[in-house]
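The values are calculated or read from the model by the stated rules, or taken from the named source; none is laboratory data. Keep in mind it's a predicted model, so treat the numbers as computed, not measured. When we count neighbours, we look across all protein chains shown, and the Cβ atoms used for this are built from the backbone with ideal geometry, even at glycine.
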Amino acid sequence: MQSSHAGSVASEFPVQLKGLGKEYGHFTALKSLDLTVPEGTSLGFLGPNGAGKSTTIKIMTNLIRPSRGHATLFGVDVRQEPTRALARIGAVIETPEFYGYLSPLETLAYAGRLRGMSSKEIESRSEEVLKGVKMSDWADHRIQEFSKGMKQRLAIAQALLNEPALLILDEPTSGLDPRGMAEVRDVIQSLKGEGRTIFMSSHLLGEVQEVCDDVALLNHGELLIHGSVRDLSRGSDTSTFQTSFLRPPTPQDLEALASVPGIVEIKNEGDSTIDLRISGGEEGQARVLEAMVSRGLKVITYRPLGSSLEQLYLDRIQESDRL
Ligand SMILES: Nc1ncnc2c1ncn2[C@@H]1O[C@H](COP(=O)(O)OP(=O)(O)OP(=O)(O)O)[C@@H](O)[C@H]1O
Ligand SMILES: [Mg+2]
């Protein structure tokens, strides 16, 4: 397969995966993944444990080889020309490991030399990236003293060292405390503001909704959905409403509710509280509330559970697991 040459670079996608597959022995972790990320977009790469996210990211960063298919970054095939393919990217892979006896400054200097940066460049960039992840005060400390969250921040600093046009992040906020998470999200937001392309896996749907333009949902090594967060959030037809009543509903009430059009499922959460899964979007939600009130049920609260992205995620995963 021919990779592109200078001149056509601007039209090349930061990420293009074609028919990507991976077997570990007899186990298929990734079937045949096609995925393209346009310049300047941030993609949230979602899926349950074992879906194949890290496998995909490791192939993209040339840590493991695919069993089939191709991964290209800015038009350069990762297998064929790894150095050139990885030159414009920064990556944070699952639980980063560092040499404990080195300091962040020494670690960054080492990483910078590997990437062919000059000492001067390394010095000024190191200061900048450590500041960006709020680790300036620890620049000279040995990493063996660091908490998991501090190591994660250092990993992000390292990924930013060469001002990458594409950032590949595998669960960038995992293991961070709430404040650390918010800080890392801020860093990612500002990188996005600078027009960089971001490919990040995450289990935090709220985070993805906040940071990402697009989402791709993977399950058992297969892509279930790929689209913009906004469209997908709007497109979810069913939602769950937690409903509580002044008095517990009788079995007869529940039976009557089950036959109200639009109610897909009723889950008892306690004496006076039920979770109603409702289809038909907002119209459906209004009809269900009306039906309950007209039956004489005294509704105290009626509130949606989880974000619409979460609903969509749960629906699609459940649907694909059933097949
Ligand atoms: N080196 C390996 N040898 C054998 N099986 C592996 C190996 N690495 C991953 N797997 C299997 O491949 C599947 C996909 O793993 P992967 O790490 O890509 O999932 P993931 O989506 O990143 O999950 P998580 O959300 O838990 O990080 C899992 O079933 C895992 O057990
Ligand atoms: Mg993973």
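What to note about this one:
- The lone exception for ASN219 - which of (1) away from ligand 2 (no atom under 16 Å from the Cβ); (2) surrounded by 20 or more Cβ atoms within 10 Å (Cβ to Cβ) it fails: (1)
- Residue match in the stretch 109-125 (condition: over 27 Å from PHE74 (Cα atoms), in the same structural domain as PHE45 (by TED's automatic domain parsing) and among the aliphatic types (A, V, I, L, M)): no
- If the condition is being touching a Ser or Thr at 6+ places or on another chain (Cβ under 8 Å) and of a type in the set (Gly, Ala, Ser), then the stretch 48-70 contributes SER54, GLY69.
- Taken over the stretch 70-84, the residue count meeting the criterion of being touching a residue at least 40 places away in the same chain (Cβ under 8 Å) and crowded, with 21+ Cβ neighbours inside 10 Å is 5.
- Test: residue in the stretch 44-54 that is touching a residue at least 24 places away in the same chain (Cβ under 8 Å), assigned by TED's automatic domain parsing to the domain that holds LEU204 and more than 26 Å from VAL208 (Cβ to Cβ): no
Listed here are the residues, each with its yes/no results for (1) in contact (Cβ under 8 Å) with a residue 40 or more places away in the chain; (2) basic (Lys, Arg); (3) not in a helix (DSSP H, G or I).
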| residue | (1), (2), (3) |
| --- | --- |
| LYS151 | yes, yes, no |
| GLN158 | yes, no, no |
| PRO164 | yes, no, yes |
| GLY180 | no, no, no |
| VAL184 | yes, no, no |
| LYS192 | yes, yes, no |
| GLY195 | yes, no, yes |
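- Filtered by the rule that a residue be loosely packed, with under 13 Cβ neighbours inside 10 Å, on the phi > 0 side of the Ramachandran plot and at pLDDT below 90, the stretch 244-299 gives a lone residue, GLY270.
- Per-region count, the stretch 43-61, residues more than 16 Å from LEU204 (Cα to Cα), near ligand 2 (Cβ under 10 Å from one of its atoms) and of a type in the set (Ser, Thr, Tyr): 2
- Any chance THR55 is within 16 Å of ligand 1 (Cβ to nearest atom) and within 16 Å of the chain's Cα centre (by Cα): yes
- Residue list for the stretch 103-118, filter: more than 25 Å from MET60 (Cβ to Cβ) and modelled with pLDDT of 95 or more: SER103, PRO104, LEU105, GLU106, ALA109
- Comparison of LEU223, LEU309, LEU232 shows that the only residue that is within 22 Å of the chain's Cα centre (by Cα), outside any helix (DSSP H, G or I), closer than 30 Å to LYS22 by Cβ and touching a residue at least 12 places away in the same chain (Cβ under 8 Å) is LEU223.
- Number of residues in the stretch 285-309 that are touching a helix residue (DSSP H, G or I) at 6+ places or on another chain (Cβ under 9 Å) and closer than 30 Å to GLY47 by Cβ equals 6.
- Inside the stretch 190-224, residues that are within 16 Å of ligand 1 (Cβ to nearest atom) and of a type in the set (Ser, Thr, Tyr) make up a count of 2.
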